[in-house]
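Everything below concerns the one structure shown next.
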Amino acid sequence: MTEALFRDDSYAAWTEAVALASGPGGIVLDRTVFYPRGGGQGGDKGALVLDDGTAVPIADTVYDADRATILHVPAEGAALPRPGARVTARIDWELRFRRMRAHTALHLLSVVAPYPVTGGSVGDAEGRLDFDSGEAVLDKAEVERRLNELIALDRAVTHRWIADEELEANPGLIKTMSVKPPMGTGRVRLIAIEGLDLQPCGGTHVKRTGEIGRASVRGIEKKGRINRRVRIALSPA
Ligand SMILES: [Zn+2]
């Protein structure tokens, strides 16, 4: 099981680590700052720098089949660290921060449009959520105005861990119907946006909503009789 430093500090851009196993399918470290693909958010890219200064480019990050070991997928043809090698693991911070802003913006979007979420995706300073909005009419300009209002409140974004049983006793916390929160390890991570939102989430977020910056609603598409897809984009940082 890889120690996942991003869970408690999403701003950690690098860490020292030891390579435990290594192959073309992935490099396993004892600890990492690389977020593995999941929950609609892409896997981190970056590099592992060896003692001799060689950089091993990492093209993607994924979970192994056990969902506990994190695989750093090397770029094709990259030199691999030997098991036991000390490395400095450094993510592409610009990319990650754009995803953190987009991810946090989607939490706020679920406040503006308080309907069951059926799908979603976190892109590069952009993202989308699908909602079962029923008969409600989602107005593009109104959603954008309210989303920017919430961003401008500059509310704190924090996390805390609760036991699986506590979440099971409070099913109202789960907004996403398609993506079940990561359970089974005995504890679940809750993301709170001060006074606005509380939901289980394993992704990476900014510390204050003000860091998201200006958001625009790119479009609201009809995906089904009661299902709507809302696409947002963020201004450059
Ligand atoms: Zn989240």
So how do K222, K207 rank on accessible area, 1.4 Å probe, biggest first, that is with the largest at the start?
K222, K207
When the dipole is taken about the Cα centre of the stretch 1-57, and only Lys, Arg (+1) and Asp, Glu (-1) are charged at their Cβ, what size is it in debye, to the nearest 20?
300 debye
With +1 on each Lys and Arg Cβ and -1 on each Asp and Glu Cβ, how big is the dipole of the stretch 36-162 about its Cα centre, in debye rounded to the nearest 20?
380 debye
Other residues with Cβ under 14 Å from the Cβ of F34 give, with Lys and Arg +1 and Asp and Glu -1, a net charge of -1
Å² of accessible area per residue within the stretch 1-151, as computed with a 1.4 Å probe and no ligands counted:
44 Å²
Excluding ligands and nucleic acids, what accessible area in Å² is computed for W93 using a 1.4 Å probe, to the nearest 10?
70 Å²
Rank T88, T32 by accessible area, highest first, at a 1.4 Å probe radius?
T88, T32
So which residue, out of D154, D139, D30, gets the largest mean-square fluctuation from a GNM of the chain using Cα contacts under 10 Å as springs?
D139
In whole percent, and with a 1.4 Å probe on the protein chains, what portion of the accessible area of the stretch 1-84 is carbon and sulfur?
53 percent
Among residues other than D139 whose Cβ falls under 13 Å from its Cβ, what is the net charge (Lys/Arg +1, Asp/Glu -1)?
+2
Using only protein heavy atoms and a 1.4 Å probe, report how much of E94 is accessible, in Å² to the nearest 10.
120 Å²
Mind pulling the angle between the C-alpha long axis of helix 93-112 and the longest principal axis of the chain? Nearest 10 degrees, somewhere in 0 to 90.
30 degrees
Applying 1/(1 + (r/R0)^6) with R0 = 25 Å to the Cβ-Cβ distance of I226 and R37, what FRET efficiency is obtained, to the nearest 0.05?
0.30
Could you pull the accessible area for K223 with a 1.4 Å probe, rounded to 10 Å²?
100 Å²
Magnitude of the Cβ-charge dipole of the chain, K/R +1 and D/E -1, about the Cα centre, nearest 20 debye?
620 debye
Efficiency of FRET from Cβ geometry, D92 and E16, R₀ 22 Å, rounded to 0.05
0.75
If you take the Cα atoms of the chain, find Rg, then find the Kirkwood Rh from the mean of 1/r over all pairs, what is Rg/Rh?
1.00
Given the options V117, V137, V206, state which has the largest fluctuation in a GNM of the chain using a 10 Å cut-off (strictly under) for Cα springs.
V137
State the answer as a single residue: which of I191, S133, S22 lies farthest towards the positive end of the charge dipole of the chain, with beta carbon charges of +1 for Lys and Arg and -1 for Asp and Glu, about the Cα centre.
S133
Using only Cα atoms, what Kirkwood radius does the stretch 1-113 have, in angstroms?
14.3 Å
How far apart, in nanometres, would the label points at K207 and N170 be if each is projected 7 angstrom from Cα along the Cα-to-Cβ direction?
2.5 nm
Given H placed on each backbone N at 1.01 Å, which residues far from G42 in sequence or on other chains put an amide H within less than 5 Å of it?
V122
Report the residue, chosen from I70, I162, I58, that carries the largest GNM mean-square fluctuation when the chain is represented by alpha-carbon nodes joined by springs under 10 Å.
I162
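The values are calculated or read from the model by the stated rules, or taken from the named source; none is laboratory data. Everything numeric in this text was worked out from a predicted model, so none of it was measured. In this analysis, Cβ positions are derived from the backbone assuming ideal geometry, glycine residues included, and neighbour counts consider all displayed protein chains. Side chains included, ligands, DNA and RNA excluded: accessible areas come from the protein's heavy atoms. Shrake-Rupley method; radii C 1.70, N 1.55, O 1.52, S 1.80 Å.
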